[in-house]
Structures are given as C-alpha cells and as structure tokens.
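J.: I'd like to ask some things about the structure below.
The values are calculated or read from the model by the stated rules, or taken from the named source; none is laboratory data. Just so you know, these numbers come straight off a predicted model, no measurement behind them. Cβ: placed from backbone, ideal geometry, glycine included. Neighbour counts: every protein chain shown.
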Amino acid sequence: MTRLKTSDISNISSRLETYNQELLSKTDRSLLGIACHACGKDEIQISRRIKSFCIHVVPVTAGQGIITDFSETVAAILKFLGFTALVSDLPDVSGVARAFENKADAIMMADDHRFVGLNLNTRSVADNSEATGRVFAAALDLMARGIENRKVLVMGCGPVGEAAAQTLLSSGARVGLCDSHFPAARLLKERLSVYPGGNNIVIEADINMALLNYEYILEATPSADTISDRLIRDHMVIAAPGVPSGISKKGCQILKDRLIHDKLELGVAGMAICLVL
Ligand code: PYL
C-alpha cells in the first residue's frame with residue numbers, strides 16, 4: 001500500500017464541493033450517492049441516520065507516524081457527507097479510550113498497514129482497501145450507465161483490485177485481470193471463481209494488448225503511468241483508485257469526464273456508509 005504524503009491530500013478539504021460537482025457530472029450521483037450505491041443502501045434513509053452518527057478520527061503515531069493533515073482530511077470528508085465527526089485530540093490508545101468514553105458511534109484510524117472504520121455498537125469493521133475497490137467499481141458502473149455485460153479490465157490484483165473485481169462481477173461485468181506479477185492475477189482468478197460469473201474471468205498477460213481490447217478500465221496499481229497517453233482511446237472510461245495515479249496529467253486532460261481518480265474521498269465515503277446500519 002502506498003503511504004500518502006501531505007502534498008497528496010492537503011487540498012482535498014477545500015475542494016470537496018468542487019469534487020462533488022465533478023462526480024455529479026460524471027456519474028449523476030454525488031460522493032454520498034456513489035458510496036450508497038456501492039453499499040447497496042438508500043441515500044435518503046442514510047442521510048437521515050448519519051446526522052446523529054458520531055465518528056472520532058484517531059491519529060496513530062505507530063510505525064512511520066502521523067501524516068500531517070491525514071486525520072483532519074478524513075474528518076472533513078465525513079463532515080461533508082453529513083456525519084458528526086471530529087479529530088481526537090488524543091492519539092493511539094488514549095484516543096480510542098476517549099471515543100468509547102464519549103460514546104462515539106465509530107472510530108476511524110490508520111497505521112502503516114491498515115486504515116479501518118470500527119462501529120463501536122455493532123463491532124463491524126470497514127477496511128479502506130476493500131471499500132475503495134468497491135466504491136470505485138460502483139463509480140465505473142455509474143459512469144457506464146450500467147456495467148452489466150461489459151468487459152472491464154482490472155489492473156492490479158491486490159486488495160483494492162480484488163474488491164473491485166468482486167463488485168464488478170456482482171454487477172454482471174465480464175472481468176479481465178492483469179498484474180505485473182502474473183501469479184497474483186492467477187491466484188485472484190482462482191479466488192473469484194466461486195462467485196457468479198467468476199468462471200469466465202480471463203487473465204490478460206500483455207497489458208498493452210489488453211488496453212487495446214477494453215473500453216472500461218479499473219486501475220488499481222501502486223504505480224504511476226501504467227496507462228500511457230498513446231494507449232488512451234476515444235471511448236475509454238477509467239476508474240483509478242491506484243495511488244499514485246496510473247494516468248499522467250496529460251492523460252487526465254485527454255480523458256476529462258471519462259476518468260475518476262482521488263486519493264481518499266471515495267474510499268472514506270465507502271467506509272463510512274458501510275458502517276451505518
Ligand atoms: C489510507 C491511505 C490510502 C493509501 N495509502 C494509505 C496510507 O497512506 N496509509 C498510512 C496512513 C498513516 C496515517 C497515520 C496518521 O496520521 O494517523 N498513522
């Protein structure tokens with residue numbers, strides 16, 4: 001998992017309304033709406049519940065330590081969605097204890113290995129990698145105005161790519177997998193074979209050849225520039241949760257409304273909505 005840098009996230013809080021408008025124009029749904037679509041929840045019902053749902057974001061000093069602006073950005077995204085959210089003024093164990101003592105409904109916290117949301121009432125766990133894969137697959141479904149029976153190339157067979165592939169299969173898409181480490185693609189194909197549609201997954205060994213044969217792409221690799229500008233075609237639609245982005249700045253200009261990429265917003269929204277019953 002790529003560790004975010006402050007420079008990756010420092011302008012997120014101030015751009016949330018602008019980003020929300022971009023999502024509306026690309027998918028006809030808002031940040032909240034896409035997250036509800038990903039979790040299979042009714043947006044109106046969820047909107048009513050989240051106003052009184054209190055989430056403490058607890059900074060974690062373990063490992064490489066705190067990322068400046070990380071907790072504040074997570075809290076800003078949650079507040080934008082309508083949650084009652086705050087950054088705990090205590091990190092680590094003290095922050096967790098304080099959340100329980102203040103009867104928070106949930107905690108969000110991240111060390112160097114996992115970023116999770118914990119519902120303190122139901123004990124449910126929302127994992128950022130799983131939620132990110134699921135919510136970007138939902139965004140691609142919305143951009144495609146229905147991904148059923150469409151071929152989708154999932155680039156990157158790690159936890160994000162796996163959750164995305166599983167979500168796409170459940171939406172009726174025909175999934176192709178590719179990964180720079182071929183065994184990762186093979187193992188994921190085996191794991192997904194138990195799901196409906198999982199027996200017609202194909203593995204694409206040659207990524208450049210594959211990019212010529214797929215219009216819908218879910219880019220979930222931890223590498224930059226995995227989709228070179230020259231391979232971007234007129235009808236290509238890309239959901240790109242991978243950090244850093246697999247698409248160059250020039251590629252983003254070519255794709256315009258046919259690309260969704262962010263480094264925290266959709267994943268945090270997907271985690272939070274799936275924590276709310
Ligand atoms: C959750 C992000 C998404 C991509 N990479 C993940 C990452 O950067 N993880 C590390 C997060 C560390 C947070 C730090 C803090 O500020 O509390 N422990």
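J.: Do we have ASP141 as buried (at least 16 other Cβ atoms within 10 Å of the Cβ), over 18 Å from ILE9 (Cα atoms) and within 16 Å of the ligand (Cβ to nearest atom) here?
T.: So ASP141 fails the test.
J.: Could we say that ALA164 is touching a residue at least 40 places away in the same chain (Cβ under 8 Å) and buried (at least 24 other Cβ atoms within 10 Å of the Cβ) here?
T.: yes
J.: Sticking with this structure for a sec: List every residue pair whose Cβ atoms sit under 8 Å apart, with the two residues 6 or more apart in sequence or on different chains, where the first one lies in region 111-136 and is farther than 18 Å from THR167 by Cβ and the second, anywhere, is within 8 Å of the ligand (Cβ to nearest atom) and charged (D, E, K, R).
T.: ASP112/ARG3
J.: Follow-up. Quick one: which residue in ASP127, ASP92 is surrounded by fewer than 17 Cβ atoms within 10 Å (Cβ to Cβ) and either within 16 Å of the ligand (Cβ to nearest atom) or closer than 21 Å to THR61 by Cβ (or both)?
T.: ASP92
J.: Any idea how many residues of region 28-44 are touching a Lys or Arg at 6+ places or on another chain (Cβ under 9 Å) and surrounded by 18 or more Cβ atoms within 10 Å (Cβ to Cβ)?
T.: Residues in region 28-44 being touching a Lys or Arg at 6+ places or on another chain (Cβ under 9 Å) and surrounded by 18 or more Cβ atoms within 10 Å (Cβ to Cβ): 5 in total.
J.: Quick one: what pairs do we get from region 246-268, first residue within 21 Å of VAL154 (Cβ to Cβ) and modelled with pLDDT under 95, second crowded, with 19+ Cβ neighbours inside 10 Å and among the β-branched types (Val, Ile, Thr), C-beta under 9 Å, 6+ apart or different chains?
T.: Correct list of pairs: GLY246/ILE217; GLY246/THR221; GLY246/THR226; GLY246/ILE227; GLY246/ILE238.
J.: Quick one: count up the residues across region 204-223 that are under 20 Å from LEU140 (Cα atoms) and either of a type in the set (A, V, I, L, M, F, W, C) or exposed (fewer than 14 other Cβ atoms within 10 Å of the Cβ) (or both).
T.: Residues that pass the stated criteria total 8.
J.: Additional query: Which count do you get for residues in region 261-277 that are more than 16 Å from the ligand (Cβ to nearest atom) and under 20 Å from ASP28 (Cα atoms)?
T.: Here the count works out to 1.
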